[in-house]
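Colleague: To start, I am sharing the structure in question, which I have written as structure tokens.
The values are calculated or read from the model by the stated rules, or taken from the named source; none is laboratory data. From a predicted model like this one, the values you see are computed outputs, not experimental measurements. Counting neighbours? That spans all protein chains shown, and the Cβs are built from the backbone with ideal geometry, glycine included.
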């Protein structure tokens, strides 16, 4: 208790010790006996679940004392290399005026890959009266390498919780056992002061008058506890062990006894069975759960399946969709699973890489006759294949699903409805062919004769792209035709989905106007699109509108319009926390910051070209190459640009994205020209011209004019088009001139704040997760920008402000 009192003065305390050292028990006693009754104590025990669910729970905890920071954290997304800098900035502005203790128990269950960096960031929070306590089992060396113990961060290790000889003697005396010096030495040697082991040895000593000195903790549990339980208790505990957490009602159903008797049974095992006051659920101590899992695996297969089946029934009754599906699957009673009233949304919520084998197994190996009895489950399950990027599997199963529906005993109207839902699902496989998608939509609407249930109007329409034109401009010389197709197809899709994607056709046409050098028409239509999108709460479309307004503002040199568009774009991004849209803001701002010469504000992952499936779906990755290619060009990394751009061009040909191809070829032309390879430069330029000019696309050439103007006279471009490009570039240059920056960027201002605290480059780098060299480069740029000679002058400038 003396050591734990330090919790009251540190912003963050980590209590790190292996399972069974009594972390939770000690902390519970500390808060019950040592902390003021007026203090707010928020206790959360992390269950074993998806990291995203744990992040949501963490944000909700923060929301109990700082709702605004909680909203910002939710928008930032779970901690990873991309989001940690933003999360740390939010922590530094955290508000907590009243004495509050936030306990993060069993932190290891969160499975954070960067727990060390996260805890270090959290220790820098600015909540005046907030004290965070994290309890975790031993952390890996990688995690530990990020832990920085300082005046904000205290680490209490197992030595604080270990029992010494005098502690063991006193503990055993309280249990009525007086040990001799030899016995005390023996139990000390066997347990090394580990309280769980001491407890088990105490049970053994009471029973047999001796200590168990064979095997590890599992053997101790067997000899000191398991072998002394009745057959009924063993069976009951083995059954509840399949649940990560269970309610008293579920335990009562499994025990067959009254609720009072069942609760008493669980309370008697309180060392091994815990009760979470927050969720009002029981859970097993990790060591005991591991032991019971081994016992469960020893049961006959039929017995295990029977327990899983009972567990599935109890989980379904409790609305626990994850365990309902898991238990029914493991019971072998797949028909029970297929008979559930599943919806696409519910299944999509529980699908991840861990459940993927289960879904594939059910879809591929359930007998046709069983599927035929439950056709309504087929479309939601098929929808999961799309989410799992198993499109080939979906196509392979398409015919069978249609046969299942056709040969089912459902009334014709219900068969049509299921077929309509399937048509809508298959339309996604036609992306980004507007006519192909629309044909599926029309067929679906005809079959359904009303709205579908497959698509949620709340879900993103853009796959995370900040541009609709980028998504659907796919054929040279056919942009006007594609715009007309969008006008024709979207009303059908709206009728089918209740307005999902509203405003998309207006945004696409507005973007085409801007690309053709018609900003006034673009802005008028953009406002119409945004109003339409907002009327149906289509935030992803609204974000595309804001990105377009920002580009129009740059062209017109309208600083107020740009700042407003950026501010609202950031706010709307905080509201849209879908994984598909997690990086939309980075893409939009990355493009805009390049235009505004604010390269240091581009997200690090984008600046380093870390474009992959983890961040972006395949449909959106080519847009990132538009930004990364320009970054490489400006860094004069020409060979790297030419290599990476080959990959980008290949990627943009999967679902043809002509805008990506235009931009990349413009970058390649400039790179070849800089390397003295004019024929290759002209070939790349002509490729861009041949793609863009038939549709009147001019803006990419204006944005790259300085790098291509010497090549244009020899390119496949007549004098009229060349003059249009030159005139457009002059308009753009005039607009950009209004944004010549003398102000420091937000990141530079952040470094300046840390400089004021007399931190070294290394210390600043640790705070911001950047290298000392990067900090040095930032400071050099700031000195040049401000016309100063030393960091001392820079610090003085900040003090004057």
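Colleague: Given the options 296, 243, name the one that is in contact with a helix residue (DSSP H, G or I) (Cβ under 8 Å, 6 or more places away or on another chain), in a helix (DSSP H, G or I) and either within 23 Å of residue 226 (Cα to Cα) or at pLDDT 95 or above (or both). Walk me through how you get there before you give the answer.
Modeller: Details: 243 fails: in a helix (DSSP H, G or I).
Result of the check over 296, 243: 296.
Colleague: Right, another one. I need the full set of residues from segment 246-267 which are assigned to a helix (DSSP H, G or I) and surrounded by 15 or more Cβ atoms within 10 Å (Cβ to Cβ), in order please.
Modeller: Going through segment 246-267, the residues assigned to a helix (DSSP H, G or I) turn out to be 248-255, 259-267.
Those that are assigned to a helix (DSSP H, G or I) and surrounded by 15 or more Cβ atoms within 10 Å (Cβ to Cβ): 248, 250, 251, 252, 253, 254, 255, 262, 263, 265, 266.
Colleague: Residue under question is residue 447, and the condition is that it be farther than 23 Å from residue 538 by Cα, in a helix (DSSP H, G or I) and touching a helix residue (DSSP H, G or I) at 6+ places or on another chain (Cβ under 8 Å); does it hold?
Modeller: Working: farther than 23 Å from residue 538 by Cα: yes; in a helix (DSSP H, G or I): yes; touching a helix residue (DSSP H, G or I) at 6+ places or on another chain (Cβ under 8 Å): yes.
Yes; evaluated as a whole, the condition is true for this residue.
Colleague: Specify which of the listed residues (552, 541) is buried (at least 20 other Cβ atoms within 10 Å of the Cβ) and either within 21 Å of residue 431 (Cα to Cα) or not assigned by TED's automatic domain parsing to the domain that holds residue 655 (or both). Break it down into steps so the answer makes sense when it comes.
Modeller: Values: 552 fails: either within 21 Å of residue 431 (Cα to Cα) or not assigned by TED's automatic domain parsing to the domain that holds residue 655 (or both).
After ruling out the rest, the residue left standing is 541.
Colleague: Identify the single condition in (1) under 30 Å from residue 545 (Cβ atoms); (2) at pLDDT 90 or above; (3) not in a helix (DSSP H, G or I) that residue 408 does not satisfy, given that it satisfies every other one.
Modeller: Here residue 408 clears every test but (1).
Every residue, every condition in (1) assigned to a helix (DSSP H, G or I); (2) modelled with pLDDT of 95 or more; (3) in the same structural domain as residue 616 (by TED's automatic domain parsing); (4) over 24 Å from residue 386 (Cα atoms), yes or no:
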| site | (1), (2), (3), (4) |
| --- | --- |
| 463 | no, no, no, no |
| 474 | no, yes, yes, no |
| 485 | yes, yes, yes, yes |
| 505 | yes, yes, yes, yes |
| 508 | yes, yes, yes, yes |
| 514 | yes, yes, yes, yes |
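Colleague: Would a scan of segment 736-744 turn up a residue that is assigned to a helix (DSSP H, G or I), surrounded by fewer than 18 Cβ atoms within 10 Å (Cβ to Cβ) and modelled with pLDDT of 90 or more?
Modeller: Within segment 736-744, the subset assigned to a helix (DSSP H, G or I) is 736-737.
Now restrict to residues that are surrounded by fewer than 18 Cβ atoms within 10 Å (Cβ to Cβ): 736-737.
Going one step further and asking which of them are modelled with pLDDT of 90 or more, we end up with 736.
Yes, that holds for at least one residue.
Colleague: Which residue is farthest from the chain's Cα centre (by Cα), if the candidates are limited to segment 268-293 and must be assigned to a loop (DSSP other than H, G, I, E, B) and on the phi < 0 side of the Ramachandran plot? Show your work before the answer.
Modeller: Going residue by residue through segment 268-293, those that are assigned to a loop (DSSP other than H, G, I, E, B) are 269-272, 277-280, 285.
Keeping just the survivors that are on the phi < 0 side of the Ramachandran plot gives 269-272, 277-279, 285.
Values: 269: 38, 270: 36, 271: 36, 272: 33, 277: 28, 278: 25, 279: 24, 285: 29 Å.
Per the stated criteria, the residue is 269.
Colleague: Moving on to the next point. Could you please find all residues in segment 540-564 being under 21 Å from residue 501 (Cβ atoms) and without any contact (Cβ under 8 Å) to a residue 40 or more places away in the chain?
Modeller: 542, 549
Colleague: Looking at segment 161-187, which of the residues that are free of Cβ contacts under 8 Å to residues at least 24 places away in the same chain and surrounded by 14 or more Cβ atoms within 10 Å (Cβ to Cβ) is farthest from residue 287 (Cα to Cα)?
Modeller: In the first step, residues of segment 161-187 are kept if they are free of Cβ contacts under 8 Å to residues at least 24 places away in the same chain; the result is 165-166, 169-170, 173-174, 176, 178-182, 184-185.
Checking the rest, the ones that are also surrounded by 14 or more Cβ atoms within 10 Å (Cβ to Cβ) come to 165, 169, 179, 184.
Numbers: 165: 24, 169: 25, 179: 27, 184: 25 Å.
Going through the qualifying residues, I end up with 179.
Colleague: Taking segment 19-48 as the search range and keeping residues that are farther than 20 Å from residue 99 by Cβ and surrounded by fewer than 16 Cβ atoms within 10 Å (Cβ to Cβ), which one is modelled with the highest pLDDT?
Modeller: Result: 25.
Colleague: A further question follows. Please find, among 644, 617, the residue that is within 26 Å of residue 473 (Cα to Cα) and either within 21 Å of the chain's Cα centre (by Cα) or at pLDDT below 95 (or both).
Modeller: On the way: 644 fails: either within 21 Å of the chain's Cα centre (by Cα) or at pLDDT below 95 (or both).
Result: 617 is the single residue among 644, 617 that is within 26 Å of residue 473 (Cα to Cα) and either within 21 Å of the chain's Cα centre (by Cα) or at pLDDT below 95 (or both).
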